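The values are calculated or read from the model by the stated rules, or taken from the named source; none is laboratory data. All values derive from a computational prediction rather than experimental measurement. What goes into the accessible areas is simple: the full protein's heavy atoms, side chains included, and nothing from ligands, DNA or RNA. Shrake-Rupley method; radii C 1.70, N 1.55, O 1.52, S 1.80 Å.
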Amino acid sequence: QVQLVESGGGLVQAGGSLRLSCAASGSRFSTSALGWYRQAPGKQREWVAVITSGGRTNYADSVKGRFTISRDNAKNTAYLQLNSLKPEDIAVYYCNLKTYNSGGVRLLEVWGQGTLVTVSS
């Protein structure tokens, strides 16, 4: 059973930075893709960034150049560095883990409980 626990959210001024962490339990972390999503008040959850088991990254256009996703397989932890934060980045940020077999079939998907990021203007 894999569980994800996010931390690092908080209140920051516009232009500031935060680093979110996603700690995973279980043995599937290093072979899984890790993603970050966010849900702003009154809006649907949206994808923010992903890092594959091989370390490839991709970002939503809205955060490209400001956010950086990374992972430390030795610590079973993924990170999302948030820089140049804007009021429109206010949301609950969720960590997501997906594991696939060699044929590309998803075997497992796990969500964390979320961590709130608030940006004051």
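Cα extents of the range 1-71 along the three principal axes, largest first, in whole Å?
Per principal axis, max minus min of the Cα coordinates gives 37, 24, 22 Å.
Kirkwood Rh, the chain, all Cα pairs: how many Å?
14.4 Å
So, taking all protein chains as they sit and a 1.4 Å probe, how much accessible area belongs to LYS86, in Å² rounded to tens?
80 Å²
Counting pairs on different chains as well as pairs 8 or more places apart, how many Lys pairs in the chain have Cα atoms under 21 Å apart?
4
Separation of the range 69-121 and the range 43-65 by C-alpha centroid, Å?
8 Å
Multiply the residue separation of LEU11 and GLN39 by 0.36 nm, subtract the distance between their alpha-carbon atoms, and state the gained length in nm to one decimal. Working shown, then result.
On the way: separation 28, 0.36 × 28 = 10.08 nm, distance 1.61 nm.
Taking LEU11 through GLN39 to full extension adds about 8.5 nm, to one decimal.
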